[in-house]
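The values are calculated or read from the model by the stated rules, or taken from the named source; none is laboratory data. Nothing here was measured: the structure is a model prediction, and the numbers come from that model. So basically every Cβ, Gly included, is an ideal-geometry build from the backbone, and we count neighbours across all protein chains shown. Surface areas here come from the heavy atoms of the whole protein model, side chains and all, with no ligands, DNA or RNA. Shrake-Rupley method; radii C 1.70, N 1.55, O 1.52, S 1.80 Å.
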Amino acid sequence: MRPNFFQHIHPPTIPAEQTRWRYTLGAGGTAIFLILVLAVSGALEMFYYIPSTGEAALSVQTISFLVPFGGLVRNLHFWAAQLLLIVSAVHLIRVVFTGSYALQRRFNYLLGLALFILVILLDFTGYVLRWDTGIQWALIVGTNLVKTIPWIGNSLYKALVGGAYPGSATLVRFYSWHVFGLMLLAAILMIWHVFRVRRDGGIAVPPPKQRDDIVRISRKELVRVEVVAMLLSGSALLLLSAYFPAPIAPGITEITALSGAASAPWFFIWVQQMLKWGDPFFWGVLVPLIVLTILGLIPFIFPKPASQDLGRWFPPSNRLAQIALVVIALVITALTLVELRPVQ
Amino acid sequence: MTNRFLLIASAILLTAIGLTWWLQSRQVQPVAITPSLTDQIEYCLTCHADLTEISPSHPVETYGCVLCHGGERLALDANLAHSSMRGGNNQSDLSVVEQSCGGSNCHSGESAEGQDHIQRVMTSIQSTYAGAIANVRYTYGAQTDLTPLFGSVAVNDTSLPSQTGILHLEAFAISSENNQFLQTFGENCLTCHLNSTGVEDSLSTRFTGCSACHSPAGESRAGEIHTLTTAMPYTQCNTCHNRGNYDLRTMTFVERSDEAVTRLESYYQPIGQFTQCEYSLDCVDCHTRTEAMGDGDIHANQKDIEYVQCKTCHGTLTELPLTMTLTDPEDIAFRLAQLNPLMDLQVGDTILVTEQGEPLWNTRLLPDGNYELIGKATKQLFIFRPVMGSACTQDGLEQSSAYCHECHAVEH
């Protein structure tokens, strides 16, 4: 039987090692599935969402409460976005902890990191589109951080916000970035990233001569594995969305009022904690950029993993890179927990 | 990977879809209303369908809920829907009353049209409590005369020119008082004004703002009160004027200890004499809108604003009470009568008016020279006659109510 479309876009056979759950954790594939869910649910939301300051929050309420299955679609979009961030982070950690970024895959590592940044930006712009009091703090603080950048800060702020303070221009810009600009970039990079996986020899495993496991599986088998993964993650996503509604709050009435408690989205809570320490440019912009730079330099500054170690968890040859990532992850987690600790 | 995994995964997804479907089917069906004044759909009635209409003059089809109460009109989640409500459960609290009840088409309109309720209430003695504060501060030496300087909240007179010349009151603040008694006064005694809900769980418990008077709790004094009325029974006035008293030595509020059985006993003044009409009628049957809600000026004392006397309705030996014959169908008397339709007031009817020209719209001159009055809250009919031509022998110069009490108080 000739392969169908989905089978066709896969290689005819691949080493079974490349598809082991315990090796890949299925993170990259799940990320692609979540992006598809996001595209479909986002497209549905676009039929009802109104990107104007007066109506944005109301249209989100309309979607949440009145449109048939609108609440479910919005929850799916929300949870898929949160899971995408987690899954992307897991994917990054897997790649570093298995030394899979080495040699010819260095460029694709950078593509993947760029995708990770795009996912964060897509999450943040999507979060702002609610335009309710729940996002007000993060919007004002986030955009004000841009202002603190020397020389280009003010121009960048104007380009991003479209005025002296957030308003209707800001909402339309964030909307356009979310549904068009960032989406387009992310789509291009995603296709490129997947293409490079295949061009670079598939998921990293040792060269054929150094492999113990020489079993190969057909693309039919591969698609089946992927479908099982999709069914399971789809079930988890559906149940999350059905039982835990996405956050919602009353619309913003006065954008300049920075009232209420500080409340960054969860993935920026570590930055929110650092902002308490002083200079907003240093702690809010420079430090996150330094963290990003260290992540980007992992394939270039740390000892390269040996080729026979590819596809092995925690190979001793790239111990330094593993330690660097563990330190970064622990610090971010600790900062988040400190900020989230209950106030006495 | 065998087909078995595929089957199990499919079964799990089907279960998830089933659970989701079940949860979706349990969601409430929204009940929509599009009030004609806002023309914006709102879903409050989904949960509040059994709430009685607040008053005939605020029909829900016209006003809806959100125009007055605020809140998220589309939300079907209780927390979200209520999160942006004005003034919590009382949108008539004076801190938000302008947004809730105000506007030039509603209750902060022109004084000439009698629509400036909010401006007047804000500066009224019932809201500022300025007289009591000034008196107590004067008594304890914190000010040299009885000119009011402080109110329960800071307030400016916006309806200039001012007849009293008092244009501004600062907010009374415990922290800026040096005298310990005045500090205790601030802590314990500032409960009888429209910005306070009264002493908790007592006869004095009520709403703040407009609802302090216009949303009577009725018999039960419990549960949700969704009422606005101009037919306030005396019991609502008694939430403040309830015979409890302030003890100036301890600076505490002392609730009345006896249990009132008759209406006369429950009358609010601990000392004083009362004629029959004073304990048969409701307070609002005689006392006017201006007396209760102020005239727009900041006053120093209750006595400066209260002016209705026995003679307002009964006249004196030499003069009949003031009356007016209604000729204009747009007269405010008709509007007031419409709010509480007790009597079929007609153009051509002659009604009593106060010396300041306020219509006593629940009264009417009868062909035989007597007058009728219908109780605003009780709907009871009273027929009464003027003093002129009666056997009264009162000195013509002594015509204030105190002199009437000399003979007509129930004790005599």
With (1) part of a loop (DSSP other than H, G, I, E, B); (2) surrounded by fewer than 16 Cβ atoms within 10 Å (Cβ to Cβ) as the list, and A:R198 as the residue in question, which single condition is left unmet?
-> (1)
Inter-residue pairs, beta-carbon under 9 Å, first farther than 17 Å from B:C237 by Cα and in region B:268-281, second modelled with pLDDT under 70 and surrounded by fewer than 16 Cβ atoms within 10 Å (Cβ to Cβ), 6+ apart = B:Q273/B:H412
Checklist (1) away from every other protein chain (no Cβ under 14 Å); (2) open to solvent by less than 40 Å² (accessible area, probe 1.4 Å); (3) among the polar types (S, T, N, Q) applied to B:T20, failing item | (1)
Please enumerate the residues belonging to region B:346-369 that are open to solvent by 40 Å² or more (accessible area, probe 1.4 Å), within 14 Å of B:H314 (Cβ to Cβ) and part of a loop (DSSP other than H, G, I, E, B).
-> B:E355
Selection within region B:23-43 - within 12 Å of another protein chain (Cβ to nearest Cβ) and not hydroxyl-bearing (S, T, Y) | B:L23, B:Q24, B:R26, B:Q27, B:V28, B:Q29, B:P30, B:V31, B:A32, B:Q40, B:I41, B:E42
Consider A:G99 carefully, then state whether it is within 13 Å of chain B (Cβ to nearest Cβ), open to solvent by less than 30 Å² (accessible area, probe 1.4 Å), touching a helix residue (DSSP H, G or I) at 6+ places or on another chain (Cβ under 8 Å) and not basic (K, R).
-> no
Inspect all residues belonging to region B:313-320 and state whether any of them is of a type in the set (V, I, T), in the same structural domain as B:A402 (by TED's automatic domain parsing), within 21 Å of B:D395 (Cα to Cα) and open to solvent by 50 Å² or more (accessible area, probe 1.4 Å).
-> yes
Any idea which of (1) within 30 Å of A:P315 (Cα to Cα); (2) assigned to a helix (DSSP H, G or I) is the one A:I188 doesn't satisfy?
-> (1)
Filter result (within 11 Å of chain A (Cβ to nearest Cβ) and under 30 Å from B:G151 (Cα atoms)) within region B:58-82 = B:G70
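Being within 30 Å of B:D331 (Cβ to Cβ) and over 18 Å from the mean Cα position of the chain (by Cα): is that true of B:N135 here?
No, not satisfied.
Per-residue answers, yes or no, for (1) more than 14 Å from chain B (Cβ to nearest Cβ); (2) not in a loop (DSSP other than H, G, I, E, B):
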site: A:G202; (1), (2): yes, no
site: A:K209; (1), (2): yes, yes
site: A:K220; (1), (2): no, yes
site: A:L232; (1), (2): no, yes
site: A:L240; (1), (2): no, yes
site: A:P247; (1), (2): no, no
site: A:Q272; (1), (2): yes, yes
Tally the residues that are crowded, with 21+ Cβ neighbours inside 10 Å and under 29 Å from B:S215 (Cβ atoms), restricting the search to region B:370-391.
-> 3
Out of region B:14-57, which residues are within 20 Å of B:L80 (Cα to Cα) and either of a type in the set (F, W, Y) or in the same structural domain as B:T230 (by TED's automatic domain parsing) (or both)?
-> B:Y43
Cross-chain or 6+ apart pairs with Cβ under 9 Å, region B:31-50 first and farther than 14 Å from A:L66 by Cα and in contact (Cβ under 8 Å) with a residue 60 or more places away in the chain, then of a type in the set (V, I, T) and surrounded by 14 or more Cβ atoms within 10 Å (Cβ to Cβ) | none
Return yes or no: is A:V87 part of a helix (DSSP H, G or I) and either open to solvent by 50 Å² or more (accessible area, probe 1.4 Å) or closer than 30 Å to B:C44 by Cα (or both)?
-> no
Answer from A:G26, A:G112 - the residue that is within 29 Å of B:L23 (Cβ to Cβ) and buried (at least 21 other Cβ atoms within 10 Å of the Cβ) | A:G26
Would you check which residues across region B:75-133 are in a loop (DSSP other than H, G, I, E, B) and in contact with a strand residue (DSSP E or B) (Cβ under 6 Å, 6 or more places away or on another chain) and list them?
-> B:S84, B:R86
Taking into account only those residues within region A:42-72 that are away from chain B (no Cβ under 14 Å) and not hydrophobic (A, V, I, L, M, F, W, C), which is least open to solvent (accessible area, probe 1.4 Å)?
-> A:G42
Exactly one condition in (1) small (G, A, S); (2) surrounded by fewer than 16 Cβ atoms within 10 Å (Cβ to Cβ); (3) outside any loop (DSSP other than H, G, I, E, B); (4) in contact (Cβ under 8 Å) with a residue 24 or more places away in the chain is not met by B:A337; state its number.
-> (2)
